[in-house]
Amino acid sequence: MIAELQTAISKVPSRKARMKGLTQVEAVKIKVERAALLFRGALTAVIASSLNALITVAVAWNAVEHAILFSWAGVILAIALLRAALWLRYRTGGVGARHLSNFARLHISFMALNGMAWGALAPIFAAHGAIDHAFLPFVIAGMTAAAIVSAGASWRAVLAFNIPALAPLAATYAYTSSANGWAIAAVVALYGVATGYLAFVTQRMIDRSILLHTKNEKLLTALRRKVDSAHTAEQRFRALVESSLDVTLIFSPEGRVVYASPSAEKAFGIPAYMLRGRRTKEMVHPDDMPMFRSVGEKSLSQLGEGMALPHVCMRSGEGGEYVAFSGRLTNMLYVPGVEGFVFCGGRLDEAAVRRHHIHAAE
């Protein structure tokens, strides 16, 4: 199981190549997860745009003609209502893979419209002689930064808002501002490039996170299957051992019983659990100890191979009667869950005991 998991992990592509050569399933998974992130951030973006529009109206109240200001704010709020209605429609209708993909396309279109509306703010301020108002670049920069936060899963969505929002601002500064207008326009342009690059890097990071999550899900699924399979196998073999008439004992490396099968109760005359903790020298007949140890030493070099014990006499403890067994001793010291020497055998009948002159019969 561990080897198979290591093989699966080794097939995970490196960080540099992780986004190349994606399977169709992985590509679809990334696309759907990106759309889901856009859906989750859409309502926050709508609320932020609406609140900033109201703040802009309050700040520009004394600098811009009220009719124009109300018209601009009306457009922003109308777009916000349409975006909210779109979000509510898809939330009510379900957010399956196909619905999310359709939502993402429409959401990006509405972000472009919203960007145009916010971009129109610069010419409006310029027409009223307020192009140098400190609030204008502040609010536009805040909106473009918010676009990365709410729509960072898709750099196209960020660009759909940022380009139409920043381009008019840069152009307005270049042609209507003071002598430093071109320098300010250049700064705005650099800011636009920086936000575009940041949006691209953010999407790549999100894509890698989604892909890594997908790979982890596959590994966890494989691990669960192996664990379930191991658990089923354990239950099967435990049932076989516990229903067997043969006695199964597991001795620790220190020579103590750590497991006794239910059939041991009939063989030794005491409950199987009472055998746990008993030492080898308490159970095995002194005459059989040399042979028992010899077989145990031979099994050290034969991992998993049963070594024959033609006969061995054991008892439940001091004062108990010896019972003659015939079986095999197997070294399972390095088997997880066992980690000991396993004796499996059955009682010898009276005829076999007398025939081999075994001391237990005396």
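The values are calculated or read from the model by the stated rules, or taken from the named source; none is laboratory data. A quick note: this is a predicted structure, and the numbers were derived from the prediction, not measured. In this analysis, Cβ positions are derived from the backbone assuming ideal geometry, glycine residues included, and neighbour counts consider all displayed protein chains.
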By residue number, the members of region 335-350 that are surrounded by 13 or more Cβ atoms within 10 Å (Cβ to Cβ) and out of contact with any helix residue (DSSP H, G or I) (no Cβ under 7 Å at 6 or more places or on another chain) are Val335, Val338, Glu339, Gly340, Val342, Phe343, Cys344, Gly345, Gly346, Leu348
Residue within region 135-150 that is farther than 21 Å from Ser71 by Cβ, under 25 Å from the mean Cα position of the chain (by Cα) and surrounded by 14 or more Cβ atoms within 10 Å (Cβ to Cβ) present:
yes
Quick one: is Lys31 exposed (fewer than 13 other Cβ atoms within 10 Å of the Cβ) and modelled with pLDDT under 90?
no
Residue list for region 270-304, filter: part of a loop (DSSP other than H, G, I, E, B) and within 18 Å of Gly346 (Cα to Cα):
Ile270, Pro271, His285
Looking at region 209-229 only, could you name the residues that are among the β-branched types (Val, Ile, Thr) and surrounded by 14 or more Cβ atoms within 10 Å (Cβ to Cβ)?
Ile210, Thr214
Per-region count, region 292-314, residues out of contact with any helix residue (DSSP H, G or I) (no Cβ under 6 Å at 6 or more places or on another chain), modelled with pLDDT of 80 or more and more than 12 Å from Phe341 (Cα to Cα):
4
For region 60-91, enumerate the residues that are over 21 Å from Ala112 (Cα atoms) and either buried (at least 17 other Cβ atoms within 10 Å of the Cβ) or not assigned by TED's automatic domain parsing to the domain that holds Ala120 (or both).
Ala60, Val64
Single residue of region 46-88 satisfying the filter (small (Gly, Ala, Ser) and either modelled with pLDDT under 90 or not in a helix (DSSP H, G or I) (or both)) that is farthest from Leu106 (Cα to Cα)
Ala63
